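Trainee: Here it is: the structure, laid out below.
The values are calculated or read from the model by the stated rules, or taken from the named source; none is laboratory data. Please read all numbers here as calculations on a predicted model, not as lab measurements. Ideal geometry is used to build each Cβ from the backbone, glycine not excepted, and the neighbour counts take in all protein chains shown.
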Amino acid sequence: MLKLQNVVWNIPDGEQIIQDISYTAQQGKLVVITGPNGGGKTTLAKLIAGLEKPTSGKIYLNNDDITDCDITQRAKKGIAYAFQQPVRFKGITIQELLELAAGKELSYTELCDLLGKVGLCAREYINRELDSGLSGGEMKRVEIASVLARNAKVTIFDEPEAGIDLWSFTKLVETFQELRNQQNGLLLIISHQERILEIADEIVVIAKGKIRTVGSKDEVLPQLLSGEISKKCPRGKENQ
């Protein structure tokens, strides 16, 4: 269980970007966080992952107060985060990255399974380095595979569809469905994509730093598609 209790985050000049958010997500669920650009979705993900610390409020993981834990401490407790823009590591092969993420040596079959879930062939990729030789889309898929290797309690994907082709995106949606069905962990996905919203157990709509709506896919998605919610949601500042 992930619980946010009255979470607030201000930028240095004092402007409030996240405004008193309280929300509880249960294990075994696939939750999609969506809303207008600049509404605070990525900031909220960074607060959960430990990249930012709340100005006030509390964050709990299975009743353990992790508010003051940094990203490394939270990773050890079971929170995994996939960045919008993957980080490149020169001198490290894809196989080494996946084994570091998994915390053990992986068989060729396990590597094939992980990379296959993001539309990559293990034979062609496991010995390649994480450098400029990989395209942005390839790096994105490798990072997602590394997050999947963690088998974390809470896995956060920040716009996982960015920079990948349609075929790989289809594989990614299938992978999210598999994870939801096979694991007890919580999946948190930030996305505008209708196909990802369609597989959600719960949709959270955030705008201007506040939760505007929370509900099941059947409750919230029709309102999103009709534009009913967007009329009520003011736009925030870009790049939040």
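Trainee: Quick check on this structure: which one of ILE94, ILE33 is within 16 Å of the chain's Cα centre (by Cα), in contact (Cβ under 8 Å) with a residue 40 or more places away in the chain and surrounded by 15 or more Cβ atoms within 10 Å (Cβ to Cβ)?
Mentor: Details: ILE94 fails: within 16 Å of the chain's Cα centre (by Cα).
Just a single option satisfies the conditions, and that option is ILE33.
Trainee: Right, here's the next one. Could you list all residues from the stretch 140-197 that are of a type in the set (Ser, Thr, Tyr) and more than 14 Å from the chain's Cα centre (by Cα)? Write out each step before concluding.
Mentor: First, the residues of the stretch 140-197 that are of a type in the set (Ser, Thr, Tyr): 146, 155, 168, 170, 175, 191.
Answer for the stretch 140-197, where residues must be of a type in the set (Ser, Thr, Tyr) and more than 14 Å from the chain's Cα centre (by Cα): SER168, THR170.
Trainee: Considering the stretch 60-91 alone, what residues qualify as being surrounded by fewer than 18 Cβ atoms within 10 Å (Cβ to Cβ) and of a type in the set (A, V, I, L, M)? Steps first, answer last, please.
Mentor: Residues of the stretch 60-91 that are surrounded by fewer than 18 Cβ atoms within 10 Å (Cβ to Cβ), as a first pass: 60, 62-65, 67-68, 70-73, 75-77, 84-85, 87-91.
If the condition is that a residue be surrounded by fewer than 18 Cβ atoms within 10 Å (Cβ to Cβ) and of a type in the set (A, V, I, L, M), then ILE71, ALA75, VAL87 are the ones that fit.
Trainee: In addition: Tell me which residues, restricted to the stretch 114-148, are at pLDDT below 90, surrounded by fewer than 16 Cβ atoms within 10 Å (Cβ to Cβ) and touching a strand residue (DSSP E or B) at 6+ places or on another chain (Cβ under 8 Å).
Mentor: ASP131
Trainee: Continuing with this model, one more query. Starting from the stretch 58-81, take each residue that is of a type in the set (S, T, N, Q) and list its partners that are buried (at least 18 other Cβ atoms within 10 Å of the Cβ), counting only C-beta distances under 6 angstrom and pairs at least six apart or across chains.
Mentor: Listed pairs, sorted by first residue: THR67/ILE59.
Trainee: Out of the residues in the stretch 15-30 meeting the condition of being among the small types (Gly, Ala, Ser) and within 16 Å of the chain's Cα centre (by Cα), tell me which one is farthest from GLU178 (Cα to Cα). Please lay out each step first, then the result.
Mentor: Applying the first criterion (among the small types (Gly, Ala, Ser)) to the stretch 15-30 yields 22, 25, 28.
With within 16 Å of the chain's Cα centre (by Cα) added as a condition, the list becomes 25, 28.
Working: ALA25: 19, GLY28: 12 Å.
For the stretch 15-30, the residue satisfying everything is ALA25.
Trainee: Same structure again: Residues in the stretch 85-122 that are closer than 19 Å to GLY133 by Cβ and among the basic types (Lys, Arg): how many?
Mentor: First pass over the stretch 85-122, keeping only residues closer than 19 Å to GLY133 by Cβ: 85-98, 111, 115, 118-122.
Those still in the list that are among the basic types (Lys, Arg) too: 88, 90.
Qualifying residue count, the stretch 85-122: 2.
Trainee: Is it the case that some residue within the stretch 18-26 is of a type in the set (Phe, Trp, Tyr), more than 20 Å from ASN184 (Cβ to Cβ) and surrounded by 14 or more Cβ atoms within 10 Å (Cβ to Cβ)?
Mentor: Residues of the stretch 18-26 that are of a type in the set (Phe, Trp, Tyr), as a first pass: 23.
Narrowing further to those that are more than 20 Å from ASN184 (Cβ to Cβ): none.
For the stretch 18-26, residues of a type in the set (Phe, Trp, Tyr), more than 20 Å from ASN184 (Cβ to Cβ) and surrounded by 14 or more Cβ atoms within 10 Å (Cβ to Cβ): absent.
Trainee: Sort out which residues of the stretch 58-113 are out of contact with any helix residue (DSSP H, G or I) (no Cβ under 7 Å at 6 or more places or on another chain) and in a helix (DSSP H, G or I), and write them in order of number.
Mentor: Within the stretch 58-113, THR72, GLN73, ALA75, LYS76, LYS77, GLU96, GLU99, LEU100, THR109, GLU110, ASP113 qualify.
Trainee: Here is a follow-up. Quick test of your reading of the structure: VAL205 fulfils all but one of (1) of a type outside the set (D, E, K, R); (2) closer than 24 Å to CYS112 by Cα; (3) in contact (Cβ under 8 Å) with a residue 40 or more places away in the chain. Name the failing condition by number.
Mentor: (2)
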